[in-house]
1. Taking the stretch B:99-120 as the search range and keeping residues that are under 14 Å from B:LEU208 (Cβ atoms) and surrounded by fewer than 24 Cβ atoms within 10 Å (Cβ to Cβ), which one is farthest from the chain's Cα centre (by Cα)?
2. Considering only residues of the stretch B:15-52 that are more than 7 Å from every other protein chain (Cβ to nearest Cβ) and more than 29 Å from B:ALA198 (Cα to Cα), which is surrounded by the most Cβ atoms within 10 Å (Cβ to Cβ)?
3. Any residue at all in the stretch A:158-176 that is at negative phi, within 21 Å of the chain's Cα centre (by Cα) and within 14 Å of another protein chain (Cβ to nearest Cβ)?
4. Quick one: which helices (runs of 4 or more DSSP H) lie wholly within the stretch B:49-150 and hold at least 3 residues that are of a type in the set (Gly, Ala, Ser)?
5. In the stretch B:267-280, which residues are in a helix (DSSP H, G or I) and surrounded by 14 or more Cβ atoms within 10 Å (Cβ to Cβ)?
6. What's the number of the condition B:HIS259 fails, among (1) under 14 Å from B:TYR276 (Cα atoms); (2) surrounded by fewer than 19 Cβ atoms within 10 Å (Cβ to Cβ); (3) touching a Lys or Arg at 6+ places or on another chain (Cβ under 8 Å)?
7. Going residue by residue through the stretch B:53-74, is there one that turns out to be under 22 Å from the mean Cα position of the chain (by Cα), of a type in the set (A, V, I, L, M, F, W, C) and either over 30 Å from A:ALA72 (Cα atoms) or within 14 Å of chain A (Cβ to nearest Cβ) (or both)?
8. Is it true that some residue in the stretch A:269-280 is more than 23 Å from A:GLU206 (Cβ to Cβ), outside the structural domain of A:ALA196 (by TED's automatic domain parsing), modelled with pLDDT of 85 or more and more than 24 Å from the chain's Cα centre (by Cα)?
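The values are calculated or read from the model by the stated rules, or taken from the named source; none is laboratory data. On a predicted model such as this, the values are computed, not experimentally measured, just so you know. All Cβ positions, even for glycine, are placed from backbone atoms using ideal geometry, and neighbour counts span all protein chains on display.
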Amino acid sequence: MNVIDTEGLGKRYGDTWALRECTLALPAGHLIALVGPNGAGKTTLMNMTAGLAVPTAGTVTVLGGRPAGSPAALDGIAFVAQDAPVYKNLSVADMLHLTGNLNRSFDRAFARARLDELGIPARKKSGKLSGGQQAQLALTLALARRPRLLILDEPLAALDPLARQDFLATVMTAMADDGVSVLLSSHALAELDRVADYLVVLSGGEVRLDGETDDLLACHRVLTGPVAEADAYAGQFDVVQDRRGGAQAHLLVRTPGPAAAPARAGWEAHQVGLEELILAYLRSPGTAARPLALHAEPTEVAR
Amino acid sequence: MTVLTMPAQPGQDHEPRPLPWRRMAWVTWRQHRATLISLPATLGAIAVFLLIAGLKIHHDYAVLTACHPFQSSACQQLNSNFNQTDWTIGNTLLILMNLAPALLGAFAGAPVLARELETGTFRYAWTQGYGRERWAIAKLTLLAVAVVAVTGAFSQLFTWFFAPFLAQESLNVISATVFATRGLVFAAWTLLAFALGAFFGMLFRRILPAMAVTLGVYLGLALAAWTFLRKHYFLSLVTSNPAITGGRITNSSPWILNHWFVGSTQWVRYIPVSRYWPMQFIEAGWLLVLSALLVAATVWLVRRRAV
């Protein structure tokens, strides 16, 4: 089953398309990272998936064909919007009671236990909690609804590194225990490297890349070799990014399959890191590729 | 086109039953506790004052009407005292009563939805399993019922409080400032103000502009009703009866809409005080319809609101 299906989905605000021609089939059981720069259309896509925004074009369904925003869809999805909105004048206990009343299923015992674990006092006003605690409260409320799909819009943005780890640990535990699927948007790529197993890259309102991270990593290689042969060699591949130094050229290419790139004398093929891959797709096509420092050491020659 | 030939739609085979309305009762109470406590508390405090002041005023009036002979200086002194001291209180409260619905609409109605949109909590509220239309309908209905119940009861007390002034100040129950403070229409005007507040709150998505526009539109409508609408409820009569055309003004004098002469006979178009209840029903009726339309428009905006 797919947790999210979109077909030619688009949203226009005034003259600007925030998202367009977005066709995705996101499978269940993954932590799907939705990445892209600010203004890429991440929030727009999430709002339409949660039923908050109405598409200008196309369709979006969730959990195997339920129209976004329909009662059946709202029942199965929990959405934590950016900045984790909670009623600041209500106590934590009241937020629990409120969410319990507004939903068919709500695991109060789970929510209480988790808040205890996090040291969030039930009597405290939500508005008096720290940013990290508010995010954890919103996440707890969402998880206690026992959703099948959890949508988190920039949940890490307001958190310090420790809180980010705690937050992601909670999400991972819920995935393992309840089999909940997660769609999480972020521009903090480093954190996602470890946890996301499915990737959607958005830029300028369009999908640049999507797929399981293992598959994506398996079918991309950085080819390094002499500049003089670069043009001839590049012609054989789908080149995502072409960077040339004085003598060496670095071609980030998409190989036809997980199979290794054909060897050519004088060239080396390296695996590509997730962050590097995302950045490469965000930079191309269009803007001239600026020199890019490699984050990770090129680890191993491709098999 | 029959059910049998419909392909099984994934996800629609288990369309959930809506969550019960009563769940919104707690939600509404908890979220709007400040309003739901402070409104009755404020009106309750004023009611205590009305009761205490009202007993004194009723007593003063009873003494005054029993005073005999009326032309004696003692009676004239009582009369003058009543017209100054008691009427100052009565007149002030009458003005406040005419403004109360507007204030209630601005302070209790406008923030109901505007605060959710201003603070972003609508993104929480509208993505819960309850569903945003039903959430809005339940919340607005419950708050409207509370507002109508409290203000309706309050206006009955005010009606009792104000009774001595009608005869004494030659005000009748269909005169502009008195009519809207009693019977059905005070609660109906308050309902309209609340509905205006909620509607403009949803339209502007900001509390302050919604409050300002609610006040403005309410006062405009109230003024239109005073000066224009009430004359046109098709209840006016025409007469040349000198008792009506030229009688002394009392609290049972009709509302004279206009007059003209045919030869030396004066004719008037007027609305007799006996038309009080038909006027009440007509005015409460259109206020109720307008309020219902505003609530429906507000719910439509909630449904359509794209973010």
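1. Filtering first and then ranking leaves B:THR119.
2. B:LEU50
3. Looking for residues that are at negative phi, within 21 Å of the chain's Cα centre (by Cα) and within 14 Å of another protein chain (Cβ to nearest Cβ), one finds at least one in the stretch A:158-176, hence yes.
4. Output list reads B:73-81, B:87-104.
5. Of everything in the stretch B:267-280, those that are in a helix (DSSP H, G or I) and surrounded by 14 or more Cβ atoms within 10 Å (Cβ to Cβ) turn out to be B:VAL273, B:ARG275, B:TYR276, B:MET279, B:GLN280.
6. Of the numbered conditions (1) under 14 Å from B:TYR276 (Cα atoms); (2) surrounded by fewer than 19 Cβ atoms within 10 Å (Cβ to Cβ); (3) touching a Lys or Arg at 6+ places or on another chain (Cβ under 8 Å), the odd one out for B:HIS259 is (1).
7. So far as the stretch B:53-74 goes, no, none of its residues is under 22 Å from the mean Cα position of the chain (by Cα), of a type in the set (A, V, I, L, M, F, W, C) and either over 30 Å from A:ALA72 (Cα atoms) or within 14 Å of chain A (Cβ to nearest Cβ) (or both).
8. Among the residues of the stretch A:269-280, at least one is more than 23 Å from A:GLU206 (Cβ to Cβ), outside the structural domain of A:ALA196 (by TED's automatic domain parsing), modelled with pLDDT of 85 or more and more than 24 Å from the chain's Cα centre (by Cα), which makes the answer yes.
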